Amino acid sequence: MTSSASETVSGIKSVNARLAEELQVGEHQVAATVRLLDEGSTVPFIARYRKEVTGSLDDAQLRQLDERLRYLRELDERRAAVLASIEEQGKLTDELRHALLAADTKSRVEDIYLPYKPKRRTKAQIAREAGLEPLADRLLEDPSLDPTVVAAEYVSDTVTDAAAALEGARHIVIERVSEDAQLVGEVRETFWRQGSCSSAPRSEEIAKSAAGQKFRDYFEFSEPLEEMPSHRVLAVLRGEKEGVLAVDFTGGDDEGYQAMVAASLGVDLSGNGPASNWLATTVRWAWRTKLMISTAVDARVRLRQRAEDDAVAVFAKNLKDLLLAAPAGNRTTLGLDPGFRTGVKVAVVDGTGKVLDTCAIYPHQPQKQWDAAKATLAALVARHGVELIAIGNGTASRETDSLAAELLSDIKASGAQPPVKATVSEAGASVYSASEYASDELPDLDVSLRGAVSIARRLQDPLAELVKIDPKSIGVGQYQHDVTPGTLARSLDAVVEDAVNAVGVDLNTASVPLLARVSGVTPGLAEAIVGHRDAAGRFRSRGALLDVPRLGPKAFEQCAGFLRITDGDDPLDASGVHPEAYPVVRRILERTGLQLAELIGDERSLKSLKPAEFADERFGIPTVTDILGELEKPGRDPRPAFSTATFAAGVEKVADLKPGMVLEGVVTNVAAFGAFVDVGVHQDGLVHVSAMANRFVSDPHEVVKSGQVVKVKVVEVDVDRQRIGLSLRLDDEVRTPGADRGARRADARKGQESGGPARGRNNAQAERGRSGGQKGSAQKNGAQKDGAQKNGAQKGGGQARGGQGRGRRESQPLNGSMAQALRDAGFGK
């Protein structure tokens with residue numbers, strides 16, 4: 001869409017003016033940004049390279065502007081269509097036009113349009129055709145009339161008797177009430193303020209079933225609509241969808257709503273005239289059969305929409321944190337995709353991600369080839385100079401971690417430098433393995449081995465590998481499977497685009513999926529870039545991009561600044577300085593008398609320069625400031641330094657946990673009610689928002705983010721329900737399982753989201769219990785089950801891990817066959 005629909009609707013503020021008011025920025029800033037967006041510029045490009053034009057709006061403001069721009073244009077288009085429709089009917093009055101022009105939401109426009117909207121013949125319409133509208137009007141205007149006597153005057157061939165006439169008149173009044181836009185709006189807002197959502201099991205039989213137990217904390221549940229947090233909304237709606245819960249939306253006292261209906265009709269409910277009883281009954285019917293039902297539906301839609309918006313925001317924040325996680329760097333990496341019966345899949349990749357070697361080992365049940373597996377890994381480490389070992393966090397992860405730890409201990413004992421091991425989330429790895437792109441990228445590898453390759457690459461560069469996967473499959477969301485797909489996809493695509501462009505992309509090594517996320521580069525254009533690179537060799541300069549078929553000046557403008565070329569013809573091509581701004585750098589060189597190679601990285605010289613001295617009409621102070629920053633640290637990576645968590649030895653399943661333990665773990669997911677932390681027992685523990693700091697925390701993202709290494713204290717363990725209560729406050733007291741559960745449930749029913757830690761943990765942790773656990777085999781198998789907040793059912797179950805003969809053992813001295821195997825592999829003397 002290239003122009004605002006408001007241009008065709010006079011009498012209202014322009015889209016730009018409304019956006020400026022909403023965002024509290026200048027209208028000139030909005031106008032300039034809208035023009036750039038309409039010309040095909042992307043948000044990352046505008047945020048980075050058009051600061052002078054937009055008045056330095058950041059990417060968050062630009063995303064919000066882009067989203068609201070879409071909504072307001074759709075609103076104006078719908079408004080124009082409604083005005084045209086009513087005008088064609090010859091019913092458009094000045095008052096009606098004014099009401100439509102003043103409508104600021106789509107729902108308000110639809111409320112006003114309802115009486116004029118073409119629809120099938122209703123009972124009210126049939127009554128009007130039978131000439132009964134005057135009867136309805138007379139009874140409303142004069143309650144002293146006797147309804148039966150007056151109705152008898154309207155008996156005809158189509159109206160059999162007075163009762164039929166009165167029934168038709170009632171249908172007319174009820175429809176009139178349901179189409180009163182002012183009344184509908186007032187009732188909707190009152191219902192939202194006073195209403196509540198409640199749930200109960202559909203039957204005792206369902207309540208006792210395994211499926212029902214997931215939702216047992218909602219068997220006696222009620223909470224005000226305005227206070228109900230998103231995770232509980234989605235949990236309740238999921239329980240209803242799965243046939244476990246009966247959900248009800250109530251607005252409170254019916255008498256208040258009936259009074260509102262009566263006031264809109266001018267009916268005195270306390271009157272005692274002959275028609276008063278008929279009128280009072282009509283008012284009750286109007287509320288009970290029309291408005292109450294439609295308003296409850298509106299409340300459900302509104303509640304779900306708000307919950308979806310919150311869930312999408314949580315998913316977007318978590319995805320951003322995961323994409324911008326610390327890269328381990330271009331080091332040779334061994335990837336392990338754990339498994340029991342099918343074995344552990346192994347892949348070695350070099351610093352660029354190229355596959356060097358693959359195999360499968362069988363250290364666990366039922367084969368128990370522990371020493372042979374360790375010898376195989378030792379040989380691979382020695383042969384390829386492995387520096388990193390990436391272990392997937394799926395089924396058999398801790399058991400495989402034990403194998404790797406024993407291997408590293410043996411290598412260290414041999415006098416060699418052991419690799420660094422780290423646990424990597426394998427969410428979505430199986431989705432990648434079975435994808436068409438993986439088939440093209442790794443055509444000679446079995447699907448099962450591709451997962452190990454992906455795990456190794458994720459450790460090297462999470463961003464470059466995760467962009468190959470549909471964001472929804474990465475599994476860091478809150479009830480993502482319950483969110484409208486289109487809404488989620490649009491938000492997540494924006495997050496991926498912003499992350500990729502914030503980091504920058506190596507033009508000579510980037511994959512097609514990674515290039516396709518660069519500003520201005522479409523999937524087809526990404527394929528063309530890689531095809532040209534394969535045919536003509538490395539790009540030596542950014543300017544060579546213009547030799548790529550179908551890559552024109554506009555695409556070059558949008559993408560060039562985000563593409564990096566190391567060891568190219570121009571050192572600036574390795575920086576974030578856009579080619580269009582290279583003349584500014586030349587002026588800086590002339591002023592300083594330095595060569596480019598001397599200036600790059602010279603902090604003293606660069607800090608002594610004043611941006612205003614190099615600004616001109618095209619490149620203002622903000623851009624020149626950015627240029628100086630890039631020259632100081634060219635191609636800087638905004639991602640943090642690489643670090644790993646060390647899981648406690650001997651703690652491998654929930655039963656191993658004891659209240660009071662202090663453990664190191666990795667944040668796997670951040671939700672509105674807290675954060676989930678992997679402490680190495682195949683079941684994430686929950687740090688409720690109330691246990692995150694010694695202060696009030698409104699948003700868990702203020703304290704932690706996905707991928708962060710944290711220390712937590714175990715405060716509660718429920719082995720039967722596979723639930724773990726954790727705290728970031730290491731001085732917190734531990735809790736006795738079940739001791740305060742009744743109190744917590746009582747608090748839960750009150751809906752006090754900001755209550756104490758015990759109450760909050762029950763509700764928040766219940767979300768995970770009701771929905772099947774945080775981590776699961778679904779992550780490994782790619783089965784995105786509805787029963788999980790993250791990505792599936794509980795991973796492998798405690799039984800699979802409890803008696804598998806994992807073989808965790810103390811490291812043995814270097815002697816016998818294992819010592820010989822290490823010597824054969826090249827370790828020791």
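Before moving on, here are some points about what is shown:
- Label-point gap, in nm, between Thr289 and Asp470 - each point 7 angstrom along Cα→Cβ: 4.5
- Cβ-Cβ FRET estimate between Ser270 and Glu95, R0 fixed at 35 Å, reported to 0.05: 0.65
- Database remark: amide H of Asp357 closer than 5 angstrom to the amide H of Val348 (H placed geometrically; neighbours at sequence offset of 5 or more, or on other chains; Pro and chain starts carry no H).
- The modelled label-to-label distance between Ile126 and Arg618, using points 7 Å beyond Cα along the C-beta direction, is 7.3 nm.
- DSSP beta bridge pairing in the chain, given as percent antiparallel to the nearest 5: 75
- FRET efficiency, 1/(1 + (r/R0)^6) with R0 41 Å, evaluated for Gln369 and Ser541 via beta carbons: 0.20
- Compactness of the stretch 571-632, expressed as Rg and Dmax over alpha-carbon positions, Å: 10.3, 28
- Fraction of C-alpha pairs exceeding 18 angstrom in the stretch 330-460: 47 percent, rounded to a whole number.
- Hydrophobic long helices, here whole DSSP H runs in the chain with Kyte-Doolittle means of at least -0.5 and Cα atoms spread over 18 Å or more along the helix axis, are found at 162-178, 292-323, 370-384, 397-413, 447-460, 485-503, 523-536.
- Accessible area of the chain belonging to carbon and sulfur atoms, whole % at 1.4 Å probe: 50
- Applying 1/(1 + (r/R0)^6) with R0 = 51 Å to the Cβ-Cβ distance of Val530 and Asp731 gives a FRET efficiency near 0.40.
- With each label modelled as a point 7 angstrom along the Cα→C-beta vector, the Ala263-Asp104 pair spans 2.2 nm.
- Taking amide H positions as modeled 1.01 Å from N, with prolines and chain starts lacking one, the residues under 5 Å from Thr332 and 5 or more places away or on another chain are Gly351, Glu387.
- For the chain, size of Cβ-based charge dipole, Lys and Arg +1, Asp and Glu -1, in debye: 2940
- ³J(HN,Hα), Karplus 6.51/-1.76/1.60, whole Hz, each residue of the stretch 651-662, x for Gly, Pro: 10, 10, 9, 4, 5, 6, 7, 10, x, x, 4, 10
- Listed values for the stretch 683-694 are Karplus-derived 3J(HN,Hα) couplings in whole Hz (6.51 cos²θ - 1.76 cosθ + 1.60, θ = phi - 60°), namely 9, 5, x, 10, 9, 5, 4, 6, 10, 9, 7, 8, and x replaces Gly and Pro.
- Potential lengthening between Lys119 and Ser698 on full extension [0.36 nm per residue; Cα-Cα distance subtracted]: 203.8 nm
- If you take all other residues with their beta carbon under 9 Å from the beta carbon of Val82, and give Lys and Arg +1 and Asp and Glu -1, the sum is +2.
- Relative contact order computed over the chain (Cα-Cα under 8 Å; 6+ residues apart), in percent: 12
- Computed lengthening from Val149 to Gln595, 0.36 nm per intervening residue step minus Cα-Cα distance: 150.2 nm
- Remark: the stretch 654-727 carries 30 Å² of accessible area per residue (probe radius 1.4 Å; ligands, DNA and RNA excluded).
- Average accessible area per residue (Å²) across the stretch 554-650 - probe 1.4 Å, nucleic acids and ligands excluded: 50
- Only one residue of Gly660, Thr281, Gln595 has its Cα farthest out toward the positive end of the dipole of the chain, where Lys and Arg carry +1 and Asp and Glu -1 on Cβ, and that residue is Gly660.
- Dimensionless Rg/Rh of the chain - Kirkwood Rh, Rg from C-alpha atoms: 1.06
- Each stretch of four or more DSSP H residues adds -39500 (n - 2.57); spread over every residue of the chain, this sum gives -14000 deg cm²/dmol at 222 nm.
- The amide H of Lys421, built 1.01 Å from its N in the peptide plane, has Ile389 as neighbours under 5 Å, considering only residues 5 or more places off or on other chains.
- Rg and Dmax [Cα atoms of the stretch 92-240; Å; Rg one decimal, Dmax integer]: 22.7, 63
- Cα-based convex hull volume of the stretch 654-727 per residue, rounded to whole Å³: 78
The values are calculated or read from the model by the stated rules, or taken from the named source; none is laboratory data. Note that the structure is predicted; figures quoted are calculated from it, not measured. Note that we place each Cβ from the backbone using ideal geometry, even for glycine, and neighbour counts take in every protein chain shown. Heads up: the accessible areas ignore ligands, DNA and RNA and are worked out on the full protein's heavy atoms, side chains in. Shrake-Rupley method; radii C 1.70, N 1.55, O 1.52, S 1.80 Å.
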